[in-house]
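The structure under discussion appears below in the form of C-alpha cells.
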Amino acid sequence: MKTKAYFNWSSGKDSALALYRALNRFDIKALLTVIDSTNNRIPMHGTNLDLLKAQSQSIGIPLVTCDINTEYSEDKYKISLQEIIDKFKSQEISTALFGDIHLLELKIGREEKCRQAGLKTDFPLWNNSPQELLHEFIDSGFKAIITCIDGSVLDKTFVGRMIDYDFINDLPDGVDICGENGEYHSFVFDGPIFKEPVPCHLGPVSYKEYPCQDLKQNTGFWYRHLQCSLTKKSTRG
C-alpha cells in the first residue's frame with residue numbers, strides 16, 4: 001500500500017516533474033498551494049487561481065489553497081497552514097512532498113517545519129543534475145511557459161517563451177538551467193500527468209519591483225500573465 005502524501009504545488013516545471021516521479025511511490029491526496037489573496041495569484045509565479053484549478057482538475061488531484069497577503073502576520077500564516085496540515089493528518093496523510101533540487105538551506109527548513117508538524121518529507125528531485133532534470137522534463141512530453149523572469153539576470157524577451165531546447169541554448173552563462181535561484185518561474189499546461197492540456201493563452205506583460213535588502217536596492221521582475229481560454233482547444237500534436 002502506498003503512503004498517503006500531499007504535494008506542495010507551485011504550478012511550475014519542478015513541481016510537475018517531481019509529482020510525475022512521486023506518483024509511482026505515493027498516494028497523493030492533495031496539491032497544496034499558497035495564494036496571495038490580494039490578487040488570487042501564486043506569489044512570484046504569477047499564476048492565477050483559475051489556471052491553478054484547471055491544472056488540478058486535469059491532473060485529477062484535489063487542490064487545497066492557503067491564503068496569504070501583506071497584512072498577515074507570520075503567526076497568522078503559520079496558524080492557517082497548521083489547520084490545513086491537521087486536516088491532512090486526520091486523513092492519514094503522513095508525508096509532504098516538495099520539488100526542490102539543490103538549495104540545502106531551504107530543504108533543511110522545510111524538513112524542520114514538517115518535523116515539528118509531525119510529518120515526514122520527500123524530495124523526488126533532490127540532488128539530481130539540473131541539466132538532466134530539464135532534459136527529462138522536455139523529453140517526457142511536458143510543456144511549460146515562462147511566466148516570470150528576474151530582469152537582473154534574464155532579458156525581457158524570455159518571459160512568455162516555451163521551455164524547450166532552444167530556451168536552454170539561449171540561457172546566459174551563470175544562470176541555473178532550472179532557475180533554482182529564482183531566475184525564472186513557469187506554468188506547466190500539458191504533459192504525462194495531465195488528462196488533457198490546460199486551456200490557456202498569453203496575456204499582457206507587466207513589470208514589478210520588489211525590495212531586496214541584501215542588495216540595498218529593488219529587484220525587478222517581468223511577468224507574462226496567462227489567462228484561461230474560454231474554448232478548450234488541444235495544444236497537443
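The values are calculated or read from the model by the stated rules, or taken from the named source; none is laboratory data. Only a predicted model underlies this, so the values are computations on that prediction, with no experimental measurement involved. Reconstructed Cβ throughout: ideal geometry from the backbone, glycine too, with neighbour counts over all protein chains shown. We work out accessible area using only protein heavy atoms, side chains counted, and drop any ligands, DNA or RNA first. Shrake-Rupley method; radii C 1.70, N 1.55, O 1.52, S 1.80 Å.
Only residues that are within 16 Å of residue 151 (Cβ to Cβ), open to solvent by 20 Å² or more (accessible area, probe 1.4 Å) and modelled with pLDDT of 95 or more were counted across the stretch 181-203, and they come to 1. Summed over the stretch 161-180, the residues that are under 17 Å from residue 223 (Cα atoms) and open to solvent by 20 Å² or more (accessible area, probe 1.4 Å) give a count of 2. Residue under question is residue 122, and the condition is that it be open to solvent by less than 40 Å² (accessible area, probe 1.4 Å), under 18 Å from residue 20 (Cβ atoms) and modelled with pLDDT of 95 or more; does it hold? Spelling it out, residue 122 is indeed open to solvent by less than 40 Å² (accessible area, probe 1.4 Å), under 18 Å from residue 20 (Cβ atoms) and modelled with pLDDT of 95 or more. Within the stretch 90-138, being among the charged types (D, E, K, R) and part of a helix (DSSP H, G or I) holds for 105, 107, 110, 111, 112, 113, 115, 132, 136.
Would it be correct to say that residue 226 is under 28 Å from residue 21 (Cα atoms), surrounded by 11 or more Cβ atoms within 10 Å (Cβ to Cβ) and at pLDDT 95 or above? It is true that residue 226 is under 28 Å from residue 21 (Cα atoms), surrounded by 11 or more Cβ atoms within 10 Å (Cβ to Cβ) and at pLDDT 95 or above.
For the stretch 89-108, the criterion of being surrounded by fewer than 20 Cβ atoms within 10 Å (Cβ to Cβ), of a type in the set (Gly, Ala, Ser) and over 21 Å from residue 170 (Cβ atoms) is met by at least one residue. Do the conditions hold for residue 36, that is, is it open to solvent by 40 Å² or more (accessible area, probe 1.4 Å) and either farther than 18 Å from residue 98 by Cβ or touching a helix residue (DSSP H, G or I) at 6+ places or on another chain (Cβ under 7 Å) (or both)? It is false that residue 36 is open to solvent by 40 Å² or more (accessible area, probe 1.4 Å) and either farther than 18 Å from residue 98 by Cβ or touching a helix residue (DSSP H, G or I) at 6+ places or on another chain (Cβ under 7 Å) (or both). Within the stretch 185-213, residues that are on the phi > 0 side of the Ramachandran plot sit with their Cβ atoms under 8 Å from residues that are at pLDDT 95 or above and small (Gly, Ala, Ser), at 6+ positions apart or across chains, in these pairs: 191/16; 191/140; 191/141. Scanning the stretch 150-180 for residues that are touching a residue at least 40 places away in the same chain (Cβ under 8 Å) and closer than 18 Å to residue 101 by Cβ yields 150, 163, 176, 177, 178, 180.
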